[in-house]
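Novice: Got a structure for you, written out below as structure tokens; questions coming shortly.
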Amino acid sequence: MTVDAVKNIEDLAAFVAESPVSYLAARTVARRLQAAGFTELVETEAWDPQIATGRHFVVRDGAIIAWAGGAKAQKASGYRVLGAHTDSPSLKVKPSSSITTKGWHQIAVENYGGALLNSFLDRELCVAGRLTVLEGGELKDRLVRTGPIARIPQLAPHLDHKRNELVLDKQFNMYPVWGVDPAENDVLGYMAKHVIDGEPVDPQSIVGYDLLFADSQPPRRFGADQELFASGRLDNLSSVHAGLTALERYVADNADEHATETVMLAAFDHEELGSESRSGAAGPFLEDILVRLSAARGESTEEYRRSVAASFCLSADAGHLVHPNYQGHHDPTVQPLPGGGPLLKINANQRYATDSVGAGVFAAACAKAGVPYQEFVSNNNMPCGSTIGPITATRLGMRTVDVGIGLLSMHSMREMCHVDDMAYMTRAVEGFFRL
């Protein structure tokens, strides 16, 4: 491990701690971009043509897209896009969520994405997200976050001697406990007091909400040499952080003042659900931004199509390292190892969008950054997950390659990686931006 790798992982730890859910992740990215000289744009307002060569970002719900326009970019110039996602598997608060069972106050939840449910048990959980309130005849979103307030207790083995053969009922076994009689049992009333971007709100003004649970335990390094890192939401805040950090370094060097291409970070929401939403990769968010930037450049329809054809997307999402206790679940010859660098993710059925040209671009980016990388393929007998990569390639026709750091315990409440791999990934993205 180098000093830079340690600093990078400590920064990632702080980033994850500030980003328990997608809405707060987008807020955290926005704050850091503003500190780096980026200006927020509002989608419902007219945009000045100068935005094409400036440093700007747009937040759409739990997603954010930022760009540093190349000062020397011409019409039909391409884009270098780092695509990632802000959401992670979780439990989402249901309507009519406040229930009481045998004196225990509980919160009704439903699954969000493909979480490893057993990893949510016996952990102190916080709740975060957004409340939509009606104030003065206007709808407003207010971000909220609690401290550790809830826990999903396991059943003791004395009451079921087959507890080590754990099977959880998603409807009845996953409701967190957050209080007991005679304490007040009003989830929304409690959340109304925990607004983080202003004053508490009147619970009666709440007309909608998107609230999810997250682990309250801070990320931390561990291992004999502290070379390992455990944290929630590494899938996929690891990629968001790599893209953000690389973009910060890019503009800190004023690289955009000499660039002919526009560098972009696109962090979408709802990837864990399939990306089909207004803020997901299958929605129009990225295309909307590209079309408006094209208009600011004064491009014709043909020139816009040429700019997309000249563009490249690095779809960054976490992948799998070889699990030492389950080696048979991995490909027997392609076996990425901890500390070996980010993964180039390949799948014959295009569950990943990587092709030979994309592989070459990523190899060039890593060579420019001076970092190693590893290939990843799935065991033929195991289903292969997918990413925003094939969605972006299909949606826009933009050439795309799938990459990401390797993890163990993916989709667990607490995942793990190697410290060096995060540093390598950040530098690889920076190399991609500077190709």
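Novice: Relative to the longest principal axis of the C-alpha atoms of the chain, give the angle of the C-alpha long axis of helix 356-369, reported between 0 and 90° and rounded to the nearest 10°.
Specialist: Taking the Cα atoms of the chain, the angle to 356-369 is about 90 degrees.
Novice: Just to be sure I understand: with springs between alpha-carbon atoms less than 10 Å apart, which residue in PHE229, PHE376, PHE172 has the highest mean-square fluctuation in the Gaussian network model of the chain?
Specialist: Among PHE229, PHE376, PHE172, the largest GNM mean-square fluctuation belongs to PHE172.
Novice: When the chain is modelled as a GNM with alpha-carbon springs shorter than 10 Å, which of PRO342, PRO390, PRO218 fluctuates the most?
Specialist: Of PRO342, PRO390, PRO218, the most mobile in the Gaussian network model is PRO218.
Novice: Using the Cα centre of the range 88-213 as the reference point, and only Cβ charges (+1 on K/R, -1 on D/E), how large is the resulting charge dipole? Debye, rounded to the nearest 20.
Specialist: Result for the range 88-213 is approximately 380 debye, rounded to the nearest 20.
Novice: Express the accessible area of the chain per residue in Å², computed with a 1.4 Å probe while the remaining protein chains stay in the model.
Specialist: 43 Å²
Novice: Collect residues whose amide H, placed 1.01 Å from N in the peptide plane, falls under 5 Å from the amide H of TYR112; neighbours closer than 5 in sequence don't count.
Specialist: SER90, LEU91, LYS92
Novice: Calculate how steeply helix 285-297 sits against the longest principal axis of the alpha-carbon atoms of the chain, using the helix alpha-carbon long axis, and give the answer as 0 to 90 degrees to the nearest 10.
Specialist: Approximately 30 degrees, to the nearest ten.
Novice: Grab the other residues whose beta carbon is less than 14 angstrom from that of VAL357, score K and R as +1, D and E as -1, and report the net.
Specialist: Charge balance near VAL357 sits at -1.
Novice: What is the sum of charges, Lys and Arg at +1 and Asp and Glu at -1, for the other residues whose Cβ falls under 10 Å from the Cβ of ARG151?
Specialist: My count for the surroundings of ARG151 gives -1.
Novice: Expressed as an acute angle from 0 to 90° and rounded to the nearest 10, what is the orientation of the C-alpha long axis of helix 22-35 relative to the principal long axis of the chain?
Specialist: Relative to the chain, helix 22-35 is tipped by roughly 50 degrees.
Novice: On to the next question. Stretched out fully, how many nm does the piece from THR333 to GLU287 gain, at 0.36 nm a residue minus the Cα gap?
Specialist: Extra length from THR333 to GLU287 when fully extended: 12.7 nm.
Novice: Enter the Cα centre distance for the pair the range 367-435 and the range 145-201, rounded to the nearest angstrom.
Specialist: Using only Cα atoms to place each centre, the spacing works out to 34 Å.
Novice: Please say if the chain is rounded, prolate or oblate, where rounded means a/c under 1.5 for a ≥ b ≥ c the square roots of the C-alpha gyration tensor eigenvalues, and otherwise the choice is prolate for a/b larger than b/c and oblate otherwise?
Specialist: oblate
Novice: Same structure, new question: Once you've got the GNM for the chain with C-alpha springs shorter than 10 Å, pick whichever of LEU143, LEU408, LEU134 has the biggest mean-square fluctuation.
Specialist: Looking only at LEU143, LEU408, LEU134, the largest GNM fluctuation is found for LEU134.
Novice: Projecting each Cα onto the charge dipole of the range 88-213 (Lys/Arg +1, Asp/Glu -1 at the beta carbon, about the Cα centre), which of LEU143, PRO176, LEU159 comes out farthest on the positive side?
Specialist: It is LEU159.
Novice: Using a 1.4 Å probe over the heavy atoms of the protein chains, calculate the carbon and sulfur portion of the accessible area of the chain as a whole percent.
Specialist: Taking all protein chains in place, the chain shows 50 percent carbon and sulfur surface.
The values are calculated or read from the model by the stated rules, or taken from the named source; none is laboratory data. Worth saying up front: this structure is predicted, and the values here are computed from it rather than measured. Every residue, glycine among them, receives a Cβ derived from its backbone with ideal geometry; neighbour counts consider all protein chains shown. The protein model used for the area step is the full one, side chains on, heavy atoms only, and it has no ligands, DNA or RNA in it. Shrake-Rupley method; radii C 1.70, N 1.55, O 1.52, S 1.80 Å.
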